[in-house]
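Student: Pasting a structure below so you can have a look.
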Amino acid sequence: MSQSGIFGLFSVFLSCVAGRRRAAVFCVAVLGAGAAAAEPLWFDGGRPSAQAWQAVDILAAAAEDGLDARDYDAEGLRRAVADAADGWAWADEDVAQLDIALTAAMQRYLTDLRFGRVDPRQVHANFVAPAADGFDPVTYLYAAVLERRLPDAVRRVAPVLPLYANVREALRRYRILARDPSGIAPWLAALPRPPQRKLEPGQAYAGMPVLMQRLVALGDLPAATPVPLRYEGALVEGVKAFQRRHGLAEDGVVGKATLEQLDVSPVARVRQIELTLERLRWTPLLQGPRMIVVNVPEFVLRAYEARDGRVEVKTAMKVIVGSALDTRTPLFDEDMRFIEFSPYWNVPPSIARAETIPKLRRDAAYLRQQGFEFVTGNGQVIPTFAPEYLDAVLRGEMRIRQRPGPSNALGDIKFIFPNNDNIFLHHTSTPRLFGKDRRDFSHGCIRVEEPVVLAKFVLQDDPEWSEERIRAAMAGGVSKTLRLREPLPVVIAYSTVLVKSDGMVYFFRDIYGHDTLLDAALRQPARSGQPSLAQQKGRDTRY
């Protein structure tokens, strides 16, 4: 068959398999006799080629990228290729069907590796899958096989992010730990609860040996550390190192939050890392040479520059995000286009109904104390209070806004990236909350700890905006909106695992339950449970 004929057949594969939603082997029945007549891609003279063996090896190793080899019937395909190599009662139709099944499995694998296995919008991440980046798994696979560069081509499909490679290596390390009987042993015995609900330096503790074993297994404590008589010395430092890697207050006190994280086994961490790799496949983290990324569960904003395949963090700072209880910060990406100095705060209707109006009904002086004013539908500003104004706000005929000033909820600067959820970055009049280790206190918008530093990054290519001018505009008390010369991508992301520049693996709490939701989506029966190639053939032996 001609190359164009094979390519046409591959196009049928793509339509038949429908990406990640159906088992590849079902395409055999759809393609029928036309497929049987095609020139095999993976066979030469009726025997598997070297690239067929490479393909089954690649599928069998899918777990290295946090994928599931069962999704591609890797074991069934390996047995089938081995049988074909042995010449075990194989007709031309069998060769054709195996060739198609292996091709479809590889196509599905490449699609999963490149784009992820779930639509991010199904798991509360409003990201659009990068389907328009020029990558076509069918064409790509076809070219890789013809040019005999399959292993190298597959490696190039995974995300090129340095973070992805580092998290992939972390998966390897934690998988070794989870499979090692000595590595998992510290979690087989329960870690005793401290007698006074928390363990502080200097206290006696019956769980010292188990605590030390877990810290040694995780690399937070040297293996040769002797067990102390009391909780002190190197053991306290080991706990602090553990706390630092898990987004906890680094105080050496083993309280409820620290105990909860200590109880998470390496097996559970393996799954957490796998979920992170899935998120990295579809979170748009490299959209331009400069960008801002907020990692919600870490409560951290980073400003990046990407050049020649290298990503450099120019600044990082603490943030406060939406409350996990009822005002979660949504996940999405948009371009920052404006900065507003000394901003007004237009109180959202939901906050006005639930908080502002009840307070004003109890105390009319609250309007003046907080710098609030009413604004009519035609823009008229009313700085005085009247009960009927509150009813007008509830009817949508007026709104409440807060004037620029020291009590303004947005602080003295606002970074605007227009979006449907009306989320933005801003300073705050209550900076003390940045001292908390868990910082989900806002109504959904994101408060930044160092607004001047962030403004300098955003405006670094505009020489007119020096630090002095930025500070003056923030303190001016007069609202001023600046349009950026170039849009700057902003990504609100969600990653509960990071590998930082120190090479250590950091874990963060799944504050919004997004990992739980993603895990459930990946375990849906549609992703597995389809008949394997061997079951399709109805054989009960070596196939």
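The values are calculated or read from the model by the stated rules, or taken from the named source; none is laboratory data. These figures come from a predicted structure and were not determined experimentally. Using ideal geometry, Cβ is built from the backbone for each residue, glycine included, and neighbour counts are taken over all protein chains shown.
Student: Restricting to segment 183-213, name every residue that is in contact (Cβ under 8 Å) with a residue 24 or more places away in the chain and in a helix (DSSP H, G or I). Quick ask: steps written out before the conclusion?
Tutor: Just the residues of segment 183-213 that are in contact (Cβ under 8 Å) with a residue 24 or more places away in the chain, to begin with: 183-187, 191, 193-194, 197-205, 208, 210-213.
Of everything in segment 183-213, those that are in contact (Cβ under 8 Å) with a residue 24 or more places away in the chain and in a helix (DSSP H, G or I) turn out to be GLY183, ILE184, ALA185, PRO186, TRP187, MET208, VAL210, LEU211, MET212, GLN213.
Student: Quick check on ALA352: is it without any contact (Cβ under 8 Å) to a residue 60 or more places away in the chain and not polar (S, T, N, Q)? Let's see the steps before the verdict.
Tutor: Numbers: without any contact (Cβ under 8 Å) to a residue 60 or more places away in the chain: yes; not polar (S, T, N, Q): yes.
Taking the combined requirement at face value, the residue satisfies it.
Student: If you check VAL145, VAL118, VAL138, VAL157, which single one turns out to be outside any helix (DSSP H, G or I), touching a residue at least 60 places away in the same chain (Cβ under 8 Å) and among the aliphatic types (A, V, I, L, M)? Walk me through how you get there before you give the answer.
Tutor: Numbers: VAL145 fails: outside any helix (DSSP H, G or I); VAL138 fails: outside any helix (DSSP H, G or I); VAL157 fails: touching a residue at least 60 places away in the same chain (Cβ under 8 Å).
Result: VAL118 is the single residue among VAL145, VAL118, VAL138, VAL157 that is outside any helix (DSSP H, G or I), touching a residue at least 60 places away in the same chain (Cβ under 8 Å) and among the aliphatic types (A, V, I, L, M).
Student: Moving on to the next point. Of the residues in segment 370-397, how many are part of a helix (DSSP H, G or I), in contact (Cβ under 8 Å) with a residue 24 or more places away in the chain and surrounded by 11 or more Cβ atoms within 10 Å (Cβ to Cβ)? First the steps, then the outcome.
Tutor: First pass over segment 370-397, keeping only residues part of a helix (DSSP H, G or I): 387-394.
The next check asks that each one be in contact (Cβ under 8 Å) with a residue 24 or more places away in the chain; those that pass are 387, 390, 393-394.
Next, from what is left, pick out any that are surrounded by 11 or more Cβ atoms within 10 Å (Cβ to Cβ): 390, 393-394.
Qualifying residue count for the region: 3.
Student: Exactly one condition in (1) in contact (Cβ under 8 Å) with a residue 24 or more places away in the chain; (2) under 22 Å from THR496 (Cβ atoms); (3) aliphatic (A, V, I, L, M) is false for ALA165; which is it?
Tutor: (1)
Student: Which ones in segment 160-181 are touching a helix residue (DSSP H, G or I) at 6+ places or on another chain (Cβ under 8 Å) and in a helix (DSSP H, G or I)?
Tutor: Taking segment 160-181 first, the residues touching a helix residue (DSSP H, G or I) at 6+ places or on another chain (Cβ under 8 Å) are 161, 163-164, 167-168, 170-172, 174-178.
Passing the criteria: LEU163, TYR164, VAL167, ARG168, ALA170, LEU171, ARG172, TYR174, ARG175, ILE176, LEU177, ALA178.
Student: Examine segment 430-445 for a residue that is closer than 30 Å to PHE507 by Cα, in contact with a Cys (Cβ under 7 Å, 6 or more places away or on another chain) and not aromatic (Phe, Trp, Tyr), and state whether such a residue exists. Lay out the reasoning, then the answer.
Tutor: As a first pass, look at segment 430-445 and keep what is closer than 30 Å to PHE507 by Cα: 430-445.
Next, from what is left, pick out any that are in contact with a Cys (Cβ under 7 Å, 6 or more places away or on another chain): none.
No: zero hits.
Student: Residues that are touching a residue at least 24 places away in the same chain (Cβ under 8 Å) and not aromatic (Phe, Trp, Tyr): which strands (runs of 3 or more DSSP E) entirely in segment 296-346 hold 3 or more of them?
Tutor: Values: elements: 300-307, 310-322, 331-341.
Of the strands (runs of 3 or more DSSP E) lying wholly inside segment 296-346, those with at least 3 residues that are touching a residue at least 24 places away in the same chain (Cβ under 8 Å) and not aromatic (Phe, Trp, Tyr) span 310-322, 331-341.
Student: Tell me which residues, restricted to segment 258-283, are out of contact with any strand residue (DSSP E or B) (no Cβ under 8 Å at 6 or more places or on another chain), within 16 Å of LEU248 (Cβ to Cβ) and not in a helix (DSSP H, G or I).
Tutor: ASP263 - this is the single residue of segment 258-283 that is out of contact with any strand residue (DSSP E or B) (no Cβ under 8 Å at 6 or more places or on another chain), within 16 Å of LEU248 (Cβ to Cβ) and not in a helix (DSSP H, G or I).
Student: From the list GLY405, GLY435, GLY477, which residue is within 26 Å of ARG328 (Cα to Cα) and either small (Gly, Ala, Ser) or out of contact with any strand residue (DSSP E or B) (no Cβ under 8 Å at 6 or more places or on another chain) (or both)?
Tutor: Only one candidate qualifies: GLY435.
Student: So, in segment 51-81, how many residues would count as being among the small types (Gly, Ala, Ser), in a helix (DSSP H, G or I) and free of Cβ contacts under 8 Å to residues at least 24 places away in the same chain?
Tutor: Here is the first cut: in segment 51-81, the ones among the small types (Gly, Ala, Ser) are 52, 55, 60-63, 66, 69, 74, 76, 80.
Then drop every residue that is not in a helix (DSSP H, G or I), which leaves 52, 55, 60, 62-63, 69, 74, 76, 80.
Remaining after also requiring free of Cβ contacts under 8 Å to residues at least 24 places away in the same chain: 60, 69.
Qualifying residue count, segment 51-81: 2.
Student: Give segment 204-227 a look and list any residue that's farther than 22 Å from VAL497 by Cα and either loosely packed, with under 15 Cβ neighbours inside 10 Å or under 34 Å from the mean Cα position of the chain (by Cα) (or both), or say none. So that I can check it myself, show each step before the final result.
Tutor: Of segment 204-227, the ones farther than 22 Å from VAL497 by Cα are 204-213, 222-227.
Correct list: ALA204, ALA206, PRO209, VAL210, LEU211, MET212, GLN213, PRO222, ALA223, ALA224, PRO226, VAL227.
Student: Filter segment 463-501 down to the residues that are basic (Lys, Arg) and either assigned to a strand (DSSP E or B) or under 11 Å from ILE339 (Cβ atoms) (or both) and list them by number. Let's see the steps before the verdict.
Tutor: First, the residues of segment 463-501 that are basic (Lys, Arg): 469, 471, 480, 483, 485, 500.
Selection gives LYS480, ARG483, ARG485.
Student: Now for a different question. The conditions are (1) modelled with pLDDT under 95; (2) surrounded by 18 or more Cβ atoms within 10 Å (Cβ to Cβ), and GLY288 fails exactly one of them. Which is it?
Tutor: Among (1) modelled with pLDDT under 95; (2) surrounded by 18 or more Cβ atoms within 10 Å (Cβ to Cβ), the lone unmet condition for GLY288 is (2).
Student: Any chance you could count how many residues in segment 234-257 are part of a helix (DSSP H, G or I) and more than 15 Å from ASP220 (Cα to Cα)? Lay out the reasoning, then the answer.
Tutor: Of all residues in segment 234-257, those part of a helix (DSSP H, G or I) come to 234-245, 256-257.
Keeping just the survivors that are more than 15 Å from ASP220 (Cα to Cα) gives 256-257.
Result for segment 234-257: 2.
Student: Just checking, which of LEU425, LEU367, LEU360 is assigned by TED's automatic domain parsing to the domain that holds ASP335, closer than 30 Å to PHE508 by Cβ and touching a helix residue (DSSP H, G or I) at 6+ places or on another chain (Cβ under 9 Å)?
Tutor: On the way: LEU367 fails: closer than 30 Å to PHE508 by Cβ; LEU360 fails: closer than 30 Å to PHE508 by Cβ.
From the options LEU425, LEU367, LEU360, the qualifying one is LEU425.
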